[in-house]
Amino acid sequence: MIDFSWLILALGGLLSGMIAGLLGIGGGIITIPLLVALDYTPLEAVATSSLAIVITSISGSVQNWRMGYFDFKRVIYLGIPAFLTTGIGVYFASKIAPYVILFAFGIILLANIYLIELRQQLATREGDNNTAQFHPLISTIGTGGAAGILASLFGLGGGTVMVPLQMLLLGENIKVAIRTSLGVIVITAIAACIGHALRGNILFLQGIILGCGGLLGVQISTRLLPKLPDSTVSLALRIFFGVLSMYIFWQSWTIFGISVG
């Protein structure tokens, strides 16, 4: 019997890479469920996904840099507080019931849909003059710090919460926010990958296959992003958040049913 698992991993990596470059997220929302579906343990899935995300995010960020769309200063300013606050999310993740965490995350995703729309309305009223709504330093620390906490608390890439916060608090254009988010994910993914590697949790061959697929996918999407209208990118991001929130609510309900069953 032919084993198609390697092909499935490569295709899954390709899809996660395209989503990562297009929406500024890590791609774990695709790779983690995929690995679990292939009978790997959740811990192996999360750890191996971190390796794939390192490959994908570095590839996408290098491509953005080559195209002149990468701002090192933005990435460092957001990446440092995101890196430093990940421990807070890890601490609270062990104190709160999993279904409560998932339900709260679903609410945050739905709120993000509104935040993106709100930022666009503000930009329109200001004549597309995107400026920070609060003090730049406070907004930067708050955005990066919140992304680090929420990413580690919910087990997903910080881009899921970072992109809307960058738009709302820092007044960034949606494409700038996406590119910066992808760069910050390089920092957080490397930290996560090193931690899992030291504990022997990573399946390196599977992670490399996922990462190679993601490498190709992110090259496609980062080249496509500048050609797309902001409205199209915004719509894609809102649809993604909507679909993801429904999936998260379903997972929360399933875990709740198991816990009380």
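Odds and ends about this structure:
- DSSP-loop trypsin sites (Lys or Arg not before Pro) across segment 4-111, with at most 10 other Cβ within 10 angstrom: Lys95
- When only Cα pairs below 8 angstrom with a gap of at least 6 residues are kept, segment 5-260 shows a relative contact order of 41 percent.
- Taking chymotrypsin sites (Phe, Trp or Tyr not before Pro) as exposed when their DSSP state is a loop state and no more than 15 other Cβ atoms lie within 10 Å, the longest site-free interval of the chain runs over 5-133.
- Summed over qualifying helices (DSSP H, 4 residues or more, each -39500 (n - 2.57)) and divided by its residue number, the chain shows a 222 nm mean residue ellipticity of -27500 deg cm²/dmol.
- Cα-based Rg of the chain normalised by 2.2 N^0.38 Å, two decimals: 0.96
- Distant alpha-carbon pairs in segment 173-261 (separation over 23 angstrom), percent: 50 percent
- Trypsin sites (Lys or Arg not before Pro) within segment 173-206, DSSP loop, no more than 12 other Cβ atoms inside 10 Å: Arg199
- With kT/(6 pi eta Rh) evaluated at 20 °C and eta = 1.002 mPa s, and Rh the Kirkwood radius from Cα pairs, segment 50-100 diffuses with a coefficient of 161 µm²/s according to Stokes-Einstein.
- Under 17 Å from the Cα of Lys175 - lysines, other chains or at least 8 residues apart: Lys73, Lys227
- Positive end of the dipole of segment 5-260 (Cβ unit charges, origin at the Cα centre): among Phe240, Ala197, Phe92, the Cα lying farthest that way belongs to Ala197.
No value in this document is a laboratory result; all are computed from the given coordinates. Quick caveat, the model's predicted, so the values are computed rather than measured. Note that each Cβ is placed from the backbone with ideal geometry, even for glycine, and that neighbours are counted across all protein chains shown.
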